[in-house]
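The values are calculated or read from the model by the stated rules, or taken from the named source; none is laboratory data. What you see is a predicted model; the values in this text were computed from it and never measured. Note that we place each Cβ from the backbone using ideal geometry, even for glycine, and neighbour counts take in every protein chain shown.
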Amino acid sequence: MNPLLPIAAIALVLVVTSVIGVYGLRISRTTSDFFVASRTVRPIWNASAISGEYLSAGTFLGLSGLVLLSGSDAFWFPIGYAAGYLLVLMFVAAPLRRSGAYTIPDFIHARLDSVVARRITSVLVLVIGWLYIVPQLHGAALALNVVADIPPWVGAVTVAVVVSGSVAAGGMRSITFVQGFQFWLKFAALAVPVVFFAITLGAHEPAIDPSLVFPPERGPSGLDTYTTASLLVALLLGTIGLPHVLVRFYTSPTGSSARWTTVIVIVMISAFYMVSGTVGLIARATAPDLAQPGIADTVALLLPSRLIPGMAGDLLTALVIAGALAAFLGTSSGLVVSLSSTVSQDLFRGTVRSFRWAAVFTTAVPLVVALATVPQGLVTSVGTVFVFAASALSPVIVLGIWWRRLTARGAIAGMLVGSVLCSGALFASPLLGTGAGPAAALLAQPGAWTIAAAAITTIVVSLLDRRAPLNTERMLSRLHSPELPRGRAAASADRAAATRRGADAVADQRVSSPVSTSATSAGVSRSGRAIHHVMALTMSAA
Amino acid sequence: MSDPDATRTAPAADRRHRPGRPARERVTSVDRPAPRTEPLARAGRAHVSEAETLFTRSLMRAQGRLALVFVVSFVLAVVLVTFVISGIPSLHDQSIAGVPLPWLIQAYGYYPIIIVFAVAYTVAAMRTERRFRALVEHE
C-alpha cells in the first residue's frame, strides 16, 4: 500500500482542524467564549459537536474489532452508549442546563454548598477523563502504525500535541466547530467504505457459511445474563457521569433546547453505530484471519485495501484513517476542555491563562500513561471508564437533581464508596483471574453492585446526616422550572435587562462570574418570575 | 452578586455577532486571584416563596414520574427484544444477505427503540412543563 496517501489524509485533517481552531480563536473573545461557546451554538451544530466528541476510538475502530473477535456481544457497547444518552435526556439534560454549572464539580458545589464535595468530584472527574483519553492515544498509536508504518509513540504524541494546542488556543468555541466537522468526517469515513463494500460483495455472491461466520453461540443466544445486564446498566448510567457531557448542555440556550439537542445526538450516534457495526459484520465474513487480540482493532483500517484493489482501496483507506484521527482528536479535545476547566477553576483562579496551562497538563498525564502501557481492546477500555463513572458520579448527580434530602456528606460517602469498590473490583479481576471462582463475573463486571452500593450509601448517609444544604429549595426550583416562552419572557426580561447588562460585563472578566451572573439573570428570573408575576397580578386584581 | 469588587463598565458589549457591534472592552477584576471556594450558583433570591416551592415540588414529582415510567418501559422493551433474539433458536435459520436474523436485530434493532423513546419522552416532558406553566398563569 502506498504510505503517502494516509499520511496526506492525516496531514489534511490536522490542517483543517487547526484552521477551524484558528478561525475559532479569532471569534473567541471572552472568558465565557472559552468555556461554553457563549451559548450561541445552533442545535444541529451543537448536536454534531456532542456526537463528534462522544464517538471515540472505542466505537470507530474498537467496535468492528470486537465484533470480529468475540461476536455479537460487542454490540452491547454501542447500544449502551446510545441508550446512555436516553437516560441523560430523561434525568439530567434540561435540569443541568438550567443549573448554570459548567462542569460536574460546579454542579455538585452549587447543589450541596460544600467545598470538600467539590474537590472530591474534581479528582474523580480528572481520573475518569484521563482513563478515557488513554485509549484514544492507544488507538492513535495503533492506527498510524498499521496504516503508515509510523512508530506507535509518534501517533500518540501527535494527537496529544494537536489536542492540547488547539484547546489551549481556541477553547470551547473553536472546539465546537472542530468537533461538528469531525462528526461528519467520522460518519463519512465509515459510511462511504461500507457502501463500496456492499457494492463489491453484492456483485459476486459471498460464499460464506452462516453457521461458521455467525455461529449461534457467538450470537445473542450465547449471552450471559448477569454480565450483560451489569454491563448495560453501567453503560446506561455511565454517560451521565462523563465529564465532557455536561458542559455541552450549557451551549444550548434553554433547557428545552438541551432536550432536543440530546434527541438529535441520539439519532446521529445511532446512525454511526449502525454503520460501524456493519463494518464488524463484513469483517467477520471477509477477514477471519484478523480475529486476534491486538490486531482485531485495526480491521476497519485494513478492510478497504483487502476488499477493493488498486487506487480506490488506497483512497478509502486514507478516508478511514482521516476519520479515525478525527475520532481520537474529537474525544480527546472534548475531554481536555472539561478537565482543563476543572483544573483551572480548582487549582488556579480560572483565567484564560490558567486554562491554557491546564490544557497542557491534562493532556500530558494520559500521554505518559499511554506510552507506558500496552493497548487492550479499545471498546472494552472505554467501557471500563463508563463503569467507573457510573459507580463514582452518576448516583450522586441523579440524586442531586431529583432528591431534595441529599446532603454533602451523603454525596461524599457515596462517591467514595462507589469509586473505591469499582476500582478495587477492576484491579482485582485480572489479578485473581479465574481463581475468583463464582465471584469472577462479579469482579469483571462490577457495575450492577457498585452502582447500587454507591446509591444506597448516598441515601443512607444523607438520611442520617439531616444537614441538608440551605439552598436546596432554591437550587431545585431553578433546576426544574421551565423557561418562559419567548413572548412572555420579553416582559420579565425587560426588567432584568439592566441587571443582565451589568452582569455580562462582569461575566466577561472572570471564570467564576459568568456562571453565577448570567445564569442568575437567565435561569432564576425565568423560574422565579413566572410566579411573582402571577402573584402581583392576582394581588392587584384583588 | 459574586463580584462586588469588580470594576464594571456599562454598557457592556453585546456578545452576539451583529454588524457594528461595539469593540470589546477589557474589564479587570480587583479581586485577589484564588482557587474557587465559593459555590457559583449561590446567586438569586435568598428565600423561595411557599407557592414556588409547591410549584417546583409538584413539577418535579410529575417529571420524575414521567422519566421513571419511560425508563421502566424502555427496559421492558429491551428485555423483550433480547429475550426474543436469544431465546428463540429457530430465528437463527432466517438470514438476510448471509447474516442470521438475531445478529441483525442486535446490530440494528435497538437503536430505533431508543430513538422512539427519546422523541416520545421529550414531547411528554414539554407537555408537562406547558401544563404547569398554564396552571401558574391561570391561578
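At a glance:
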{"quantity": "Residues that are crowded, with 16+ Cβ neighbours inside 10 Å and of a type outside the set (A, V, I, L, M), drawn from region B:54-78", "calculated": "B:Phe55, B:Thr56, B:Gln63, B:Gly64, B:Phe70, B:Phe74"}
{"quantity": "Scope region A:148-167; condition within 24 Å of A:Ala389 (Cβ to Cβ) and either free of Cβ contacts under 8 Å to residues at least 40 places away in the same chain or aliphatic (A, V, I, L, M) (or both); matching residues", "calculated": "A:Ala156, A:Val159, A:Ala160, A:Val163, A:Val167"}
{"quantity": "Options A:Ala324, A:Ala359, A:Ala300: the member that is over 29 Å from B:Ile114 (Cα atoms) and not hydroxyl-bearing (Ser, Thr, Tyr)", "calculated": "A:Ala359"}
{"quantity": "Candidates A:Asp314, A:Asp346 - the one that is among the charged types (D, E, K, R) and modelled with pLDDT of 85 or more", "calculated": "A:Asp314"}
{"quantity": "Within region A:248-262, considering residues that are crowded, with 24+ Cβ neighbours inside 10 Å and β-branched (Val, Ile, Thr), the one nearest to the chain's Cα centre (by Cα)", "calculated": "A:Thr262"}
{"quantity": "Residue pairs meeting the criteria (Cβ under 8 Å; at least 6 apart or on separate chains; first farther than 14 Å from A:Ile240 by Cα, in region A:395-408; second part of a helix (DSSP H, G or I) and among the basic types (Lys, Arg))", "calculated": "A:Leu406/A:Arg111"}
{"quantity": "Index of the failed condition, A:Asn145 passing every other in (1) within 23 Å of A:Ala291 (Cα to Cα); (2) away from every other protein chain (no Cβ under 12 Å); (3) in contact (Cβ under 8 Å) with a residue 40 or more places away in the chain; (4) touching a Gly at 6+ places or on another chain (Cβ under 7 Å)", "calculated": "(3)"}
{"quantity": "Test result for A:Leu443, hydrophobic (A, V, I, L, M, F, W, C), in a helix (DSSP H, G or I) and in contact (Cβ under 8 Å) with a residue 24 or more places away in the chain", "calculated": "no"}
{"quantity": "Test: residue in region A:97-104 that is within 17 Å of the chain's Cα centre (by Cα), at pLDDT 85 or above and buried (at least 24 other Cβ atoms within 10 Å of the Cβ)", "calculated": "yes"}
{"quantity": "One residue from A:Thr251, A:Thr262 being outside any helix (DSSP H, G or I) and on the phi < 0 side of the Ramachandran plot", "calculated": "A:Thr251"}
{"quantity": "Any hit, region A:60-74, residues being β-branched (Val, Ile, Thr), assigned to a helix (DSSP H, G or I), surrounded by 24 or more Cβ atoms within 10 Å (Cβ to Cβ) and at pLDDT 85 or above", "calculated": "yes"}
{"quantity": "Boolean, A:Arg404 is in the same structural domain as A:Phe107 (by TED's automatic domain parsing), surrounded by fewer than 24 Cβ atoms within 10 Å (Cβ to Cβ) and either modelled with pLDDT of 95 or more or not in a helix (DSSP H, G or I) (or both)", "calculated": "yes"}
{"quantity": "Candidates A:Ala283, A:Ala312, A:Ala271, filtered to the one that is within 14 Å of chain B (Cβ to nearest Cβ), at negative phi and surrounded by fewer than 22 Cβ atoms within 10 Å (Cβ to Cβ)", "calculated": "A:Ala271"}
{"quantity": "The one condition in (1) surrounded by fewer than 24 Cβ atoms within 10 Å (Cβ to Cβ); (2) closer than 29 Å to A:Arg97 by Cα that A:Val365 fails to fulfil", "calculated": "(2)"}
{"quantity": "Selection count where residues are within 9 Å of another protein chain (Cβ to nearest Cβ) and surrounded by 24 or more Cβ atoms within 10 Å (Cβ to Cβ), scope region A:106-120", "calculated": "7"}
{"quantity": "Residue that is farthest from the other protein chains (Cβ to nearest Cβ), among those in region A:462-471 that are surrounded by fewer than 19 Cβ atoms within 10 Å (Cβ to Cβ) and part of a helix (DSSP H, G or I)", "calculated": "A:Leu464"}
{"quantity": "Residue within region B:100-113 that is at the interface with chain A (Cβ under 8 Å from one of its Cβ atoms), of a type in the set (Val, Ile, Thr) and surrounded by 21 or more Cβ atoms within 10 Å (Cβ to Cβ) present", "calculated": "no"}
{"quantity": "Check on A:Arg42, basic (Lys, Arg), modelled with pLDDT under 85 and either buried (at least 24 other Cβ atoms within 10 Å of the Cβ) or farther than 30 Å from A:Thr286 by Cβ (or both)", "calculated": "yes"}
{"quantity": "B:Leu59 being in contact (Cβ under 8 Å) with a residue 24 or more places away in the chain, touching a His at 6+ places or on another chain (Cβ under 9 Å), hydrophobic (A, V, I, L, M, F, W, C) and under 24 Å from A:Thr261 (Cα atoms)", "calculated": "yes"}
{"quantity": "Qualifying positions in region A:62-105 - more than 7 Å from chain B (Cβ to nearest Cβ) and of a type in the set (Gly, Ala, Ser)", "calculated": "A:Gly62, A:Ser64, A:Gly65, A:Ser70, A:Gly71, A:Ala74, A:Gly80, A:Gly84, A:Ala93, A:Ala94"}
{"quantity": "Top-ranked residue in region A:276-318 [being in contact (Cβ under 8 Å) with a residue 24 or more places away in the chain and outside any helix (DSSP H, G or I); ranked as farthest from the chain's Cα centre (by Cα)]", "calculated": "A:Ile308"}
